[in-house]
Every structure is written in C-alpha cells, then in structure tokens.
Amino acid sequence: MNSIGILCMSMIEAVQGGSWAGKAAVMAVFGLLIVVLLCMPAHMTGKADGAPRWWSNVRLWAIGIALVQILVYAWWG
Amino acid sequence: MFKIHLTAVDLVLVVVYLGGVAALGIWYSRGIQSGKDFFLAGKSLPWWAAGLSLVVSDIGAKDMIGLAGDSYRYGLVMMNFDFIGCIFPVLVAAFFFMPFFWLAGVYTVPEYLGRRYNLGVRTFFAVIWILFMVGTLGTIYVSAAAMFEVLLGWNFWLSVLSTAVLVGIYTAWGGLRAVVVTDSLSCVVLIIGAALICGLGLAEAGGWSGIEQAVSRMEWTRHHLDLLPPADHPVFPWPAVLLGLGFVLGPAYWIGNQAIVQRTLGTRTENEARASYVFCAAIKLVFPVLLVVPGLVALALFSSELGQPGENWDGNRVLPMLVVRLLPPGVLGLVMGAFFAGVMSNLDSYVNSASTMIVTDVYRPFIHPEATDQECLALGRWLVIGLLLGGVAISYPIKAGFGSVFEAFQTFLSFFQGPLLALLLMGMLTRRATAWGGVAGMVTGVMTSAGLNSAPWLFGMQKGVPYLWVAWWSFVTALSTVAIVSAFTRPHEPQRLRGLVCWLPAEERIQP
C-alpha cells in the first residue's frame, strides 16, 4: 500500500505545473462538457417531444453557462 | 464585538420579511393529503422554484460568513467551490443523473442505492446522512444564534427558539412544497442582500483595481489573486481542487445529498428536473462574486484591524465588520433579511430531508413495512417537529466547541462522499455493478478515507493529507473495488435494473 501511495503521488507531481496548467485543465473540462452536450441524443436533453424555442432549450442554456465558465477561467486570476 | 443599531425602517423590513415567509409557507401548506404531497410536493414544483430552492439549500448564513473569512485568508481560490465545485457537477447532474432519479420514482438517494445494490448499502448511507443532518441542525442553530447576537443583540435561547418556531410553523404542515416556495423568496432576498454588501464594499475599496493594489502591497497574500493557486500551495493546490473538489466532493454533494436532490424529485416532469439544475447553475455564476469579493474588500479596507490570519484568528468577524462599517441605515434591514433567509432555508431543507429519509429508509423497511400513506404523512410531520427540537437540544453542547464540532461533522461526511459517488456512478453507468461490488466498494472507500486521515504514513506520506486529496483517493479506491469485485460476482437480472441504469430504460415509467 505504501509503494502504491508513493507511485500515485509521484505520478501526480509529474503532471503538475504552475497555475496556468490548472486553468488550462479546468477550461478543458468545461470544453469537454460542451462537446458532450452537443453530441448528446435528443431524448437525453428534453427535446424528444419536439424542437423547443431557443429560450426553453435546456441544452443551449447549459452550453452558455459552460462557455461563461471558460471565459472566467481564461480572463480572471 | 460589533453592535448594530437598526432604524425603524430596518426593523419594518425584517418584520415584513419574516411575516411574509411565514404567511407564504402557511398558504402553501393547504391541500397536503398524502405522503407524496408532503415529501415530494405532489410532484408539482415548477423548475424555477426548484432551482431557486437548490441555491439556498446550498448557501446558508454560515456559508456567507464563513466564505468571507476564508476569502480574506485564502483569496480568489474560494470561488472554485461555486465554479468547478458546483457549476460543473450541477450541469453534469442535470443531464446524466437527475432524469434517472426522477424516472425511477424514488423519494431518496439511499432508496435508489437500495434498488440498485441491496438493503445494506441503502441503510448504511441513509444512517450516515441522517446522523450528519441531525448534527448539522445543531450547527445551523448555533451559527444563527452567533449571528443574531451580533446583529440584533438577542441571547442564545431567544435566537434558537424563535428560529425553530418560525421554521416549524410551515415545514411541519406544508412539507416540501412550503419549503421550496419560502426558499424561492429567500433566494431573491439573499441575492439582494449579498449584492448590496458586495457593491457598497467595492465602491468603498475603489473598485477591483483598488483591491488589486491593496492586496499586492501585502506580503502574505502572494496567491490571493490566483483563481487556481500553483501545485505547491499548502491548502488548495490546483490538482486537488480539480480532482478532489470538481470530480468528487462537488458531484457527490450535488448528486448524492438528499437535502439538495429532493426538490428536484418534486418537479412536474423529467425535463423540469433537468431545467431546475441548469437554472441553479445559471444563478450560481454570480454567487462566487457576491460571497468571495466581500472578504477581499475587508482585506483591502480593514486588514490593519483584522490582522494576518494565524492559528487563533477568527474569520467570522470579517462579514459583520463589513456590515457594521459599510451599510447605511435602511439597507441594513434588507441584509438582515438575507441572513434570516440563509438560516431558515438551510434549516427547513435539512429538517424536511431528514424526515423523508427516516420515514422512507428506516421506518418503512425496518419498523412498519405495512404502514399506510396516512401513517407516513403523520409520522413525517411529527418527525419535523422532533428534529427541530432535537436540533435545539444539541445546539447548546455544540456551542461550547463550535469550531471543532463543525469541522468534525465536515470531516465525518468527507469520509463517505467519495465512496457514495463511486457507487452512484457505477450503479447508473453500468449494469455489471453487483450488490457485492457495491458493499466492497463502500467498505474499502471508507477505509481509505479513514486511513488517509489518521495514518498518512501508510500511504508513504509524512504529514496530514489535504481533505480534497482524501476525497479523490477514497473515490478512486471505491470505484476500482466495485469494478474488480463486480467482475467476479453475479449481477442483478436486467429486468430488475430497468429504469435504474442509463442503458436500460424503464419499459413503463414508474410513479411513486
């Protein structure tokens, strides 16, 4: 268990960088979420009953929120 | 410490707000006739009300005060608790988890785990959550009393008892519907109050550039303006923030916490369940600014009085000092209302959810399996009263060691968050996860948390492990164990898993 712990921590230390790496990683996570939302089948986004108007499209709002998060991490701090 | 002198306008605003909440709660208590009405609001909640309620079930008065102190101490990094630790998991939960909970027709998260794995897993997590919630009730009372003493000059018992009575009036009769409706009003008041503190504080500090200049002049605030501190930060290294908070603690809280999930289970349709979570994420975009910036304002304006945080430094003084120094008469009433809103919405959510879990996961399976719906409704109401009184009873002993007790509850819960998320993920994403896999994952995950907390040398580490790392490794261990043990044990029949696993939709939608 001791050697597994040392191995895991050394793997993490190997990929650590400055805070720029953290911001890039978080932006990548939200970017991936946007891709997943775009590729999601209609029945999983509430569109199965017909095309909703843009303002009631839950998927569109979720993508917008994820985009705002990418901008926040890109611009702030 | 500080004393606030309320003007007549402030007092009128506070009284109108409290009276309005009580009246609204009582009005929406009408027509509660069944357990489904009481525990799930009769599945009648609109998405916007559930979304507003989600926000204030998460953010209470103690979070407002605590976050101001923490952002004074650590800086912008605290925003991650609402950004990567909330918005990311909430969006994931909106599309991957909430619709399945809703379609499964369950009342509680442990009930889902029971259907997916077995009664042992269900009972284990139900008991853990009930213990945590009861303990949390005591801490909410104590933080409310501390706040009311500073802001209104009330003594401990007056604060605790008046809070219990006010919340009890509508929660015991109206159940989830009254809770969500009053929470919606509370959320609006909370946003207005927090925005006033933030806006007036920024104006006084010379805007964001004024804060940047003031912070950069101090020696101990090197990483205060880093949203994600470097990997060698002693408390919040960015890999731990991303993995521990964003991938484990955040999702476990927003997917596995009954006090959060329950309002979404009460929405009218599967799509409204989804929409309530997305709406919550949209509101949460502004909360990091509203809650964290005040701490930085205090740093810029009052660092000579508040000092540099050390071992016995009290972060709970930061927000009251801002309120006393910055807010003009007339505005104070609104901010008082926001504090009341935070306390009441936190308290009613935990009481309502604890009552639901005791009835659904303990009383029905173990004590009275043949209980009628009316018996469960009556028990649910009595439990709300009992839980409120129980919280009052334990609040006094908790008061003596509040800081350490609150920390102990949080540490206690963090032992179980990683394993809970692992079981939920494996249970929903794969039909291959077995009952034995679930039990083994739960045990090894909790043991990993306990080991990392109490014996870090076992894992090759010399000093204490940051709790974000504990959450991550307990999650990884539990997930791996579920996968390995499930590979060698027999899964449930596909028919039993219908509606519980993503890839096995229910043939007919189950209604509770």
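Laboratory data are not the source of any read-out in this text; all were calculated from the coordinates shown. From a predicted model like this one, the values you see are computed outputs, not experimental measurements. Cβ sites come from the backbone with ideal geometry, for glycine too, and all protein chains shown count toward neighbours.
Across segment B:166-173, computed HN-Hα scalar couplings (Karplus, 6.51 cos²θ - 1.76 cosθ + 1.60, θ = phi - 60°) run 4, 5, x, 3, 9, 6, 5, 9 Hz from first to last residue, x flagging Gly and Pro. In this structure, the amide hydrogen of B:TRP154, modeled 1.01 Å from its nitrogen in the peptide plane, lies closer than 5 angstrom to those of B:GLU149, counting only residues at least 5 positions away or on a different chain.
Here the sum of -39500 (n - 2.57) over DSSP H runs of 4 or more residues, divided by the residues of chain B, equals -23500 deg cm²/dmol at 222 nm, to the nearest 500. Lysine pair count for the protein assembly as shown with Cα-Cα distance under 25 Å and sequence separation of 8 or more or different chains is 8. Near B:SER162, within a Cβ-to-Cβ distance under 15 Å, what is the net charge of the other residues, with Lys and Arg +1 and Asp and Glu -1? Net of charged neighbours comes to -2.
Would you mind counting up the charge near B:TRP47? Only other residues with Cβ under 13 Å from its Cβ, with Lys and Arg at +1 and Asp and Glu at -1. Value of the local net charge: +2.
Using θ = phi - 60° in the Karplus curve 6.51 cos²θ - 1.76 cosθ + 1.60, the 3J(HN,Hα) couplings for segment B:187-193 round to 4, 5, 5, 4, 5, 4, x Hz; x is entered for Gly and Pro.
Measuring from a point 7 Å past the Cα of B:PHE412 along Cα-to-C-beta, which residues in segment B:360-398 have an amide N at less than 13 Å? Under cut-off, by backbone N: B:391, B:394-395, B:398. Using alpha carbons only, how many degrees (0 to 90, rounded to 10) separate the axis of helix B:373-400 from the longest principal axis of chain B? Its long axis makes an angle of about 40 degrees. Residues whose amide H falls under 5 Å from that of B:LEU45, counting only those 5 or more places apart or on a different chain, are B:THR267, B:ARG268, with hydrogens built in the peptide plane. Axis angle, to the nearest 10 degrees, between helix B:61-74 and the longest C-alpha principal axis of chain B: 70 degrees. Taking the number of Cβ atoms within 10 Å of each Cβ as an exposure proxy, the fewest-first ranking of B:TRP472, B:TRP157 is B:TRP157, B:TRP472.
Between segment A:55-77 and segment B:281-318, the C-alpha centres lie 26 angstrom from each other. Scoring B:479-487, B:113-121, B:83-91, B:299-307 by mean Cβ neighbours within 10 Å over their residues and listing the highest first yields B:83-91, B:113-121, B:479-487, B:299-307.
Highest mean packing first, where packing is the average number of other Cβ atoms within 10 Å per residue, the peptides B:263-270, B:336-343 line up as B:336-343, B:263-270. Among the chymotrypsin sites (Phe, Trp or Tyr not before Pro) in segment B:184-284, those located in a DSSP loop and surrounded by at most 16 other Cβ atoms within 10 Å of their own Cβ are B:TRP220. Summarising the amide proton neighbourhood of B:THR7: residues at separation of 5 or more, or on other chains, whose placed amide H is nearer than 5 Å comprise B:GLY330.
Calculate the length of the line joining the C-alpha centroid of segment B:418-437 to that of segment B:151-206, in whole Å. Cα centres, segment B:418-437 to segment B:151-206: 38 Å. Our coupling estimate for segment B:337-342, obtained by passing each phi through the Karplus curve with A = 6.51, B = -1.76, C = 1.60 and θ = phi - 60°, is x, 5, 5, 4, 4, x Hz, Gly and Pro reported as x.
The mean number of Cβ atoms from other chains found within 10 Å of a Cβ in peptide B:90-100 is 4, as a whole number.
Taking Cα atoms only, the orientation of helix B:47-58 departs from the longest principal axis of chain B by about 70 degrees.
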